[in-house]
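Before any comments, here is the structure.
The values are calculated or read from the model by the stated rules, or taken from the named source; none is laboratory data. Owing to the predicted nature of the structure, the values given are computational and were not obtained by experimental measurement. Positions of Cβ are generated from backbone atoms using ideal geometry, with glycine treated the same way; all protein chains shown enter the neighbour counts. Please note that ligands, DNA and RNA were not included when accessible areas were found on the heavy atoms of the full protein model with its side chains. Shrake-Rupley method; radii C 1.70, N 1.55, O 1.52, S 1.80 Å.
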Amino acid sequence: MRYAIYFTPRQDEPLARIAANWLGRDPFGAATRPVETVADLSAAEVAFHTASARRYGFHATLKAPFRLAANETESSLRAALDVFAEATPTVTIPRLIVSQIDGFFALVPQGPLPPLNRFADDVVLGFDRFRAPLTEAEIERRSPDSLKPAEFRNLCQWGYPYVFETFRFHMTLSGRAGPQESLRLRAAIDSLFAEVLQQPVPVDALTLFVETEPGAPFMVLSHHALGRRAARKTA
């Protein structure tokens with residue numbers, strides 16, 4: 001069993017609904033849903049391009065999937081998430097845009113957002129005690145020879161290559177696509193997400209996901225709203 005700390009919009013928010021329809025799965029529930037034709041892509045093509053992202057559900061990684069440390073439990077992790085979330089204010093992303101990163105499509109902030117990066121850093125630091133060290137096999141699955149030196153150091157120290165100076169907030173929408181496929185895939189994503197991406201996105205919660213067994217789809221286990229302590233003080 002592995003856990004992950006992600007950001008994902010609430011299940012009833014338009015961005016979450018559109019992403020669930022695109023990926024063919026809502027991580028808040030067990031049911032998959034048939035994907036549909038989008039723009040110039042057939043349903044089969046959409047299913048093919050979203051297969052790798054479907055298992056994880058729509059999310060942005062803050063603390064990458066990890067096995068629990070021997071001295072921690074699911075209950076202690078959830079309790080710590082409550083404490084952290086209560087004391088942490090919401091960060092608002094003024095606008096997300098569609099971008100292609102290393103071949104795959106994702107939603108990313110339109111420009112630099114230091115408060116979002118600091119928030120992600122705090123999550124990595126604050127919850128590392130819950131993470132069991134990576135095994136040699138887990139390190140090998142990350143293809144360490146392909147990583148830059150800073151990414152490899154992060155993998156060994158923090159269990160994930162893309163944290164701190166190598167972090168980039170992104171919400172994955174597809175697997176890797178070659179140049180010929182990318183134009184049609186980009187057009188389909190743009191047509192589906194264009195309207196909802198006109199709105200700011202509040203990063204207003206941490207969501208605990210769980211993979212119950214190797215290869216199983218990641219599901220939402222608990223949702224922890226940010227800033228409740230600050231809200232009480234304001235009230």
**Study point:** Check on GLU165, free of Cβ contacts under 8 Å to residues at least 60 places away in the same chain and under 18 Å from the mean Cα position of the chain (by Cα)
**Key:** yes
Practice item. Give the residue that is nearest to PHE164 (Cα to Cα), with candidates limited to residues of region 112-129 that are touching a strand residue (DSSP E or B) at 6+ places or on another chain (Cβ under 6 Å) and not aliphatic (A, V, I, L, M). Key: PHE119
Point to revise | Residue in region 209-222 that is touching a Ser or Thr at 6+ places or on another chain (Cβ under 9 Å), among the aromatic types (Phe, Trp, Tyr) and part of a strand (DSSP E or B) present | key: yes
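Hey, could you check region 141-179 for residues that are in a loop (DSSP other than H, G, I, E, B) and over 30 Å from ASN21 (Cβ atoms) and say which is most open to solvent (accessible area, probe 1.4 Å)?
Initially, region 141-179 is screened for residues in a loop (DSSP other than H, G, I, E, B), giving 142-143, 147-148, 159-163, 167-170, 177-178.
Next cut, over 30 Å from ASN21 (Cβ atoms) only: 142-143, 147-148, 159, 161, 163.
Details: ARG142: 91, SER143: 64, LEU147: 26, LYS148: 135, GLY159: 9, PRO161: 1, VAL163: 6 Å².
Filtering first and then ranking leaves LYS148.
Take the residues in region 63-79 that are of a type in the set (A, V, I, L, M), touching a helix residue (DSSP H, G or I) at 6+ places or on another chain (Cβ under 8 Å) and not in a strand (DSSP E or B); name whichever of them is farthest from LEU197 (Cα to Cα).
Here is the first cut: in region 63-79, the ones of a type in the set (A, V, I, L, M) are 64, 68-70, 77, 79.
Narrowing the set further to residues that are touching a helix residue (DSSP H, G or I) at 6+ places or on another chain (Cβ under 8 Å) leaves 68-69, 77.
Still in the running and not in a strand (DSSP E or B): 69, 77.
Values: ALA69: 38, LEU77: 32 Å.
Within region 63-79, the match that is farthest from LEU197 (Cα to Cα) is ALA69.
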**Study point:** Options ASP40, ASP26: the member that is out of contact with any strand residue (DSSP E or B) (no Cβ under 7 Å at 6 or more places or on another chain) and in contact (Cβ under 8 Å) with a residue 60 or more places away in the chain
**Key:** ASP40
Exercise for review: Run LEU113 past the list (1) touching a residue at least 40 places away in the same chain (Cβ under 8 Å); (2) crowded, with 16+ Cβ neighbours inside 10 Å; (3) touching an Asp or Glu at 6+ places or on another chain (Cβ under 9 Å) and report the number of the one that doesn't hold.
Suggested key: (3)
Revision key, fill the gap. Only unsatisfied item for GLU138, checking (1) open to solvent by less than 60 Å² (accessible area, probe 1.4 Å); (2) at pLDDT 95 or above; (3) over 18 Å from THR166 (Cβ atoms), is (2)
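Among residues belonging to region 80-99 that are part of a helix (DSSP H, G or I) and charged (D, E, K, R), point out the one that is farthest from the chain's Cα centre (by Cα). Spell out the reasoning first.
Kept after step one, since they are part of a helix (DSSP H, G or I), are these residues of region 80-99: 80-87.
Next cut, charged (D, E, K, R) only: 82, 86.
Numbers: ASP82: 19, GLU86: 21 Å.
Ranking the candidates gives GLU86 first.
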Check your understanding: Based on what the data block shows, is THR32 surrounded by fewer than 16 Cβ atoms within 10 Å (Cβ to Cβ) and at pLDDT below 95?
Key -> yes
Check your understanding: Could you say whether any residue in region 49-61 is out of contact with any helix residue (DSSP H, G or I) (no Cβ under 6 Å at 6 or more places or on another chain) and assigned to a strand (DSSP E or B)?
Key -> yes
Review point. Can we say ALA16 is under 18 Å from TYR162 (Cβ atoms), open to solvent by less than 30 Å² (accessible area, probe 1.4 Å) and under 14 Å from the mean Cα position of the chain (by Cα)?
Key: no
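With respect to ALA188, determine if the residue is on the phi < 0 side of the Ramachandran plot, assigned to a loop (DSSP other than H, G, I, E, B) and open to solvent by less than 20 Å² (accessible area, probe 1.4 Å).
Details: on the phi < 0 side of the Ramachandran plot: yes; assigned to a loop (DSSP other than H, G, I, E, B): no; open to solvent by less than 20 Å² (accessible area, probe 1.4 Å): yes.
Answer is no for this residue.
Return yes when ASP102 is open to solvent by 70 Å² or more (accessible area, probe 1.4 Å), in contact (Cβ under 8 Å) with a residue 40 or more places away in the chain, acidic (Asp, Glu) and under 21 Å from VAL163 (Cβ atoms) and no when it is not. Before the answer, list the steps.
Details: open to solvent by 70 Å² or more (accessible area, probe 1.4 Å): yes; in contact (Cβ under 8 Å) with a residue 40 or more places away in the chain: yes; acidic (Asp, Glu): yes; under 21 Å from VAL163 (Cβ atoms): yes.
Yes.
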